[in-house]
Amino acid sequence: MDIAIIGSGYVGLVTGACFADVRHSVICVDNDQRKIENLQNGVIPLYEPGLEEVVHRNVSANRLRFTTSTAEGVDESQIVFIAVPTPPQPDGSVDLTYIEKVAREISEVLKEYRVIVDKSTVPVKTGEKVADTIRRYAKGSVEFDVVSNPEFLREGCAVADLMNPDRIVIGSNSDRALSLMKKVYEPFMAPIMVTDMNSAELIKHAANSFLALKISYINAMSAICEASGADVERVADGIGADKRIGRSFLNAGLGYGGSCFPKDVAAFVAISDELGVPFTLLKEVQRINQNQMDRFIKKIKDTLWVLKDKRIAVWGLTFKPDTDDVRNSVAIDLVAQLLREGAIVRAYDPKGADKVAEYNLCEGVVLAKSALEAVEDAEALVLANEWNEFQSVDFVQVRKKMHTPLLFDGRNLFDPVTMKELGFIYHGIGRALAR
Ligand code: UGA
């Protein structure tokens, strides 16, 4: 199939590269000239395991190319995916300016039948508005179909998620569009679920907010575990073994962050309000998420008392492991709060430091070059995300380097008993052992 992807950000680029990898011919479009020039020169604007290799392989095979021209993309493709950002507005609702602009741009260059696919995460009924917009601005009567096809990629394993999806959701009632969409996804050999457009759009917000709810559920449980002397990891294992519940996304921690869950839960709250059926359960999900960080900071303060001038090492800055994405990272919030209290923070992250420096996040933080450098003379070590690398650090060395062996494990990455044996005073999330 000949495919155009408008928007070469995280979703657009991964989707385009993986489509090319299953032998489709793909044009990735973006209005950021520098980004496109970089991509044309083989420079990938983000870190995602496996992505660089897939892009290079398919560029070399002439199946993947990059342009700033929407007209070129629309002219040379049967299907046009829209994968532009849908950022949050101050009230939590979604800013659809980019979607609307792309819809108008497509309408101006549309000459013959195309399937226009909404890949960005959008409020229910957006597809209908995209179709209205294209119809209104199109020059003359030209045939097209709008389809909703939400993505379910997780940063850090996006290539693997795209190549081996649990399901493909296609929202459309046009047989013509559906048969083309099925050809796009045939090579992935995954179950295809066909729905109407509104249901497909809702599936995305419902999936992300349900996963956020699972995380808040276990985080609220961690507070109960702390109050009752139970261990949240054992509780999560116990309930997660029930297939109806499942163990994934039951990892207690500092709360969910990133560019999706906080934004999508807020958007779903706003959408439900707008529809006149307020989804108040999700407001509680948000409250628990915020509370989780507050409880963790309190735990640090209860032990260290005054944070001013305390030397604190933080491991992890990205919003999760295996990415360099620091947007809405709870690790960054944590560092910012420690700095506000006057602590001297030395932080290390395997991939996130460059972006922290580039965007000047956490002004005043010292960025260490290694996990061991970060803990030099530290009065406490705080683990903010769970990169694999942290598990293989030599904790005998860590213990020797630190001034005081206090360990606050914000992701329950380490075994409390082992840490106690190594001489650490261990504080996890919802864990009674060794507390
Ligand atoms: C999420 C969804 O998992 C994807 O399915 C979806 O496509 C994507 O949003 C999106 O809408 O684009 P992502 O934000 O990349 O993916 O990362 P997740 O692995 O879902 O993690 C989100 C946050 O939840 C992270 O801060 C992570 O640390 C936290 N988390 C996750 C927990 O605190 N506990 C868990 O058990 C799992």
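The values are calculated or read from the model by the stated rules, or taken from the named source; none is laboratory data. Quick caveat, the model's predicted, so the values are computed rather than measured. Counting neighbours? That spans all protein chains shown, and the Cβs are built from the backbone with ideal geometry, glycine included. The accessibility values were calculated without ligands, DNA or RNA, using every heavy atom of the protein model including side chains. Shrake-Rupley method; radii C 1.70, N 1.55, O 1.52, S 1.80 Å.
Numbers below:
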| quantity | calculated |
| --- | --- |
| Scan of the stretch 74-97 for residues that are over 15 Å from residue 262 (Cα atoms) and assigned to a strand (DSSP E or B), ordered by number | 79, 80, 81, 82 |
| Where residue 182 falls short, out of the listed (1) touching a residue at least 24 places away in the same chain (Cβ under 8 Å); (2) open to solvent by 50 Å² or more (accessible area, probe 1.4 Å); (3) of a type outside the set (Asp, Glu); (4) farther than 30 Å from residue 252 by Cα | (1) |
| Given (1) among the small types (Gly, Ala, Ser); (2) in contact with a Ser or Thr (Cβ under 8 Å, 6 or more places away or on another chain); (3) open to solvent by less than 10 Å² (accessible area, probe 1.4 Å), number of the condition residue 313 does not satisfy | (2) |
| Strands (runs of 3 or more DSSP E) contained entirely in the stretch 356-435, each with at least 2 residues that are under 25 Å from the mean Cα position of the chain (by Cα) | 380-383, 406-409 |
| Hey, residue 84 within 16 Å of the ligand (Cβ to nearest atom), closer than 27 Å to residue 35 by Cβ and modelled with pLDDT of 95 or more or not | yes |
| Some residue of the stretch 314-337 being farther than 16 Å from residue 385 by Cβ and away from the ligand (no atom under 15 Å from the Cβ) | no |
| Scope the stretch 138-173; condition more than 14 Å from the ligand (Cβ to nearest atom), farther than 18 Å from residue 117 by Cβ and outside any loop (DSSP other than H, G, I, E, B); matching residues | 163 |
| Failed item in (1) open to solvent by 20 Å² or more (accessible area, probe 1.4 Å); (2) within 11 Å of the ligand (Cβ to nearest atom); (3) at positive phi, with residue 255 passing the rest | (1) |
| Matching residues, the stretch 208-246, being on the phi < 0 side of the Ramachandran plot, more than 9 Å from the ligand (Cβ to nearest atom) and either part of a loop (DSSP other than H, G, I, E, B) or touching a Pro at 6+ places or on another chain (Cβ under 9 Å) (or both) | 230, 231, 241, 242, 243, 244, 245 |
